[in-house]
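Working notes for the structure below.
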Amino acid sequence: MADSENSRTLPAITCRNPLQTTEWFLARNIADQERRVAGVRDVVLIRWKAWMLAFRELGHRSCEQQELESTLFAMVPAARVEIQLADHGGVAVVSTIKEIQDKLRGVNFADARANAAAELLAKRRRWDAADLSVGYSRAKQAESEASIVEEQLAAELSEAPAMSTVAAAAKLHCILKRGAPRSDSEEFPWPQLSAMLIDLLAMNGVFSLPGRDR
């Protein structure tokens, strides 16, 4: 569905950033498809668009969760206590009642267990109150739910058969966007996959590659 207009309207993006270029290219193809071929839809492009929206939503939720986590930790320390170990001396940092019970066994440490448990519960109450105010746990749950949606949509995109180079580019874009450590990663197989994505874009007239006969 690509046309020669692509090469004339390509913004300031080069093949050094194939992921961004591909997003622009696929968005154009989806718009062209919806405008020119009423009632005809490429399943892969439909699934790519749904996945891309979910991927962006997940990124937004992740950033929000991280920001709120930093705010929460700045307001109140984590619900942990230090206890003196019973057998070998030293100090352990624990965050659950079970850990306290496991570290301080026996009747001789009943008071120590009770004091540690009371301290931990008090810190948990402060943490919970701050968390409710900040909204960190709500944001964390929203991120988890967004992650499930994104993963499901990525799986559905992967399962859809690609019947064109445009559809193949959409599926490859999803793989690279989700898996590459960074857009310019030199770790195998990311450079090779990026080169393949650039080939697919060039086949559709997004740009010309040096040395390619067109």
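The values are calculated or read from the model by the stated rules, or taken from the named source; none is laboratory data. The structure presented is a predicted model; accordingly, all values stated were derived computationally and were not measured. We place every Cβ from the backbone using ideal geometry, glycine too, and count neighbours over all the protein chains shown. For accessibility, only protein heavy atoms count, side chains too; no ligands or nucleic acids. Shrake-Rupley method; radii C 1.70, N 1.55, O 1.52, S 1.80 Å.
Give me the pairs: first residue in segment 150-169 and over 26 Å from Arg61 (Cα atoms), second residue outside any helix (DSSP H, G or I), beta-carbon distance under 7 Å, and six or more apart or on different chains, which are they?
That search, which allows pairs on different chains as well, returns Thr165/Asn204; Val166/Met1; Val166/Ala2; Val166/Asn204; Ala167/Asp42; Ala168/Ala162.
Residues to consider are Leu104, Leu72; find the one that is open to solvent by less than 70 Å² (accessible area, probe 1.4 Å), among the aliphatic types (A, V, I, L, M) and without any contact (Cβ under 8 Å) to a residue 24 or more places away in the chain.
Leu104
Give the residues of segment 193-203 that are over 13 Å from Leu19 (Cα atoms) and either in contact with a Pro (Cβ under 6 Å, 6 or more places away or on another chain) or open to solvent by less than 20 Å² (accessible area, probe 1.4 Å) (or both), sorted by residue number.
Passing the criteria: only Ala202.
Which of the residues belonging to segment 156-192 are open to solvent by 90 Å² or more (accessible area, probe 1.4 Å) and in a loop (DSSP other than H, G, I, E, B)?
Within segment 156-192, Pro161, Met163, Arg182, Asp184, Glu186, Glu187, Phe188 qualify.
I'd like to know if segment 47-59 contains one or more residues that are over 24 Å from Arg178 (Cα atoms) and either of a type in the set (Val, Ile, Thr) or touching a helix residue (DSSP H, G or I) at 6+ places or on another chain (Cβ under 8 Å) (or both).
Checked segment 47-59: no residue is over 24 Å from Arg178 (Cα atoms) and either of a type in the set (Val, Ile, Thr) or touching a helix residue (DSSP H, G or I) at 6+ places or on another chain (Cβ under 8 Å) (or both).
Give segment 112-148 a look and list any residue that's open to solvent by 60 Å² or more (accessible area, probe 1.4 Å) and not in a helix (DSSP H, G or I), or say none.
Within segment 112-148, no residue meets the criteria.
Given the criterion touching a helix residue (DSSP H, G or I) at 6+ places or on another chain (Cβ under 6 Å) and of a type outside the set (Asp, Glu), identify the matching residue among Val107, Val94.
Unique residue meeting the criteria: Val94.
In segment 137-158, which residue that is over 15 Å from the mean Cα position of the chain (by Cα) and not hydroxyl-bearing (Ser, Thr, Tyr) is nearest to His173 (Cα to Cα)?
Restricting to residues being over 15 Å from the mean Cα position of the chain (by Cα) and not hydroxyl-bearing (Ser, Thr, Tyr), the top hit is Leu157.
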